[in-house]
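Step one of this worksheet: look at the structure below.
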Amino acid sequence: PLPAELQPCDGRPAVDRRRWRGLSGVKMHIDRPNTVWHTLCGTHYVAHGFMPLDDDTFEKLRLELRRGSLVLAVLAALKDERYGYTLRKELADAGLEIDEGALYPMLRRLEAQGLLTSQWREEDKRNKRFYRLSPDGAGLLAELAAEWRAINASLNRLI
């Protein structure tokens, strides 16, 4: 929920697009209630009197946050061998959609770093490249997962 200092502008119940009036009386748009953006923007605006972040700023920060998370997700999903399509499907099923244009370069980069191994095989009369964690990748995944849990615990205390 929003802080008590923020009141609806137009008196109507907000559904998808919410408009709020801050302490200074300036209208503030909040498109994503109950999100990190919503919390940070609303809190920052109320506490400091600054204008809210625009959608472009939110999108840039959201993508930055996702990039690091996706690397961890890809490494975790590749504990079991998969080819690109099944990896994308597993990530999407977990709520982490990734575009082919981002996934395949990431896979090649992770393989070049020695974190993945790959092998071409024919399956269903098609050649497919199967990926899996290398031993170095498995070790790094364990370290990154521990770091993720520590960061998550710290953020949960702050948020």
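Brief remarks on what is shown
- Theoretical gain in end-to-end length, Glu143 to Glu81 [0.36 nm per residue, Cα-Cα removed]: 20.3 nm
- FRET efficiency estimate (nearest 0.05) - Cβ-Cβ, Ala92 to Asp136, R0 22 angstrom: 0.25
- Surface composition of the stretch 54-148: carbon plus sulfur atoms hold 51% of the accessible area, using a 1.4 angstrom probe and ignoring ligands, DNA and RNA.
- A cut-off under 13 angstrom between Cβ atoms defines the neighbours of Ala142, and their net charge, with Lys, Arg +1 and Asp, Glu -1, is -1.
- Per residue, the stretch 58-98 exposes an accessible area of 59 Å² to a 1.4 Å probe, with every protein chain left in place.
The values are calculated or read from the model by the stated rules, or taken from the named source; none is laboratory data. Since the structure is predicted, the reported quantities are computational estimates derived from the model, not experimental observations. Heads up, the Cβs are rebuilt from the backbone with ideal geometry, glycines too, and the neighbour counts pull from every protein chain shown. Side chains are part of the model used for accessible areas, which takes the heavy atoms of the whole protein and leaves out ligands, DNA and RNA. Shrake-Rupley method; radii C 1.70, N 1.55, O 1.52, S 1.80 Å.
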